[in-house]
Amino acid sequence: MRTIFTTGQVAKICKVAPRTVSKWFDSGRLRGYRIPGSQDRRIPREHLIRFLKEHGMPLGELEDEAMGKLLVVGADGQVRASLDEMLGQDDYKIEIAASGFEAGIQAESLHPDCVVIDFAMGANEALMIAQNLKKNGEYADTVLVGLLSDDDNSLGFDRTLFNETFRKPFDTALLAERIRTLVNRKKQLA
């Protein structure tokens, strides 16, 4: 995953001439920096994505990187609908799984940035999903969020499996904001 682009690379992504990209840069519309002692310009990925979104341009090959991918496992319809509404169709691709088996299949195809696991499906199955994801190197940096009830809170399980846990009842807006924060932090480190 490329984090810094040249004007030529940006021109290819935007399907414009490199001179056009230089004009965007020089006018301050496209943010970046110049290499010291040279006229060469460099544009960080996050500035390019922001520029493309602000100007309604297609993200092309950057779309997968720009969108957060969320897998929601075992959550009720209200939680799913709220997350869908608050995280928005433009910023997040949200997939749903009802069981551990489905979660495994969805994780393979989606490669989620974040997995929300509702313990309502059963604490043992929820923990097994989290453990399996953490064991697989492909998902080592995937953000895991557990949704717990009072009964689940009393269980003595290893909370280090999860980046965050929420106890029911919780504010879905707070959950959505926390997911956004954790995923953005993950994407900046990648």
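Read-outs throughout are calculated quantities, based only on the coordinates presented, and are distinct from any laboratory measurement. This is a predicted model, so every value here is computed, not measured. Note: ideal-geometry Cβ built from the backbone for every residue, glycine included; neighbour counts use all protein chains shown.
Some values worked out for this structure:
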| read-out | value |
| --- | --- |
| Rounded if a/c under 1.5, otherwise prolate or oblate - segment 15-97, Cα gyration tensor axes | prolate |
| Semi-axis lengths, Å, the chain, gyration tensor of Cα atoms, sqrt of 5 times eigenvalues | 39, 16, 14 |
| Segment ASP76-ASN184, extension gain: residue separation times 0.36 nm, minus the distance between their alpha carbons | 36.4 nm |
| Cα gyration tensor shape for segment 69-147, rounded if a/c is under 1.5, else prolate or oblate | oblate |
| Spacing of the two label points (7 Å from each Cα toward its C-beta) at HIS55 and VAL16, in nm | 0.2 |
| Net +/- balance of residues flanking SER22 in space, Cβ distance below 13 Å, scoring K and R +1, D and E -1 | +4 |
| Length released on extending from ARG159 to LYS23, taking residue separation times 0.36 nm less the Cα-Cα span | 43.9 nm |
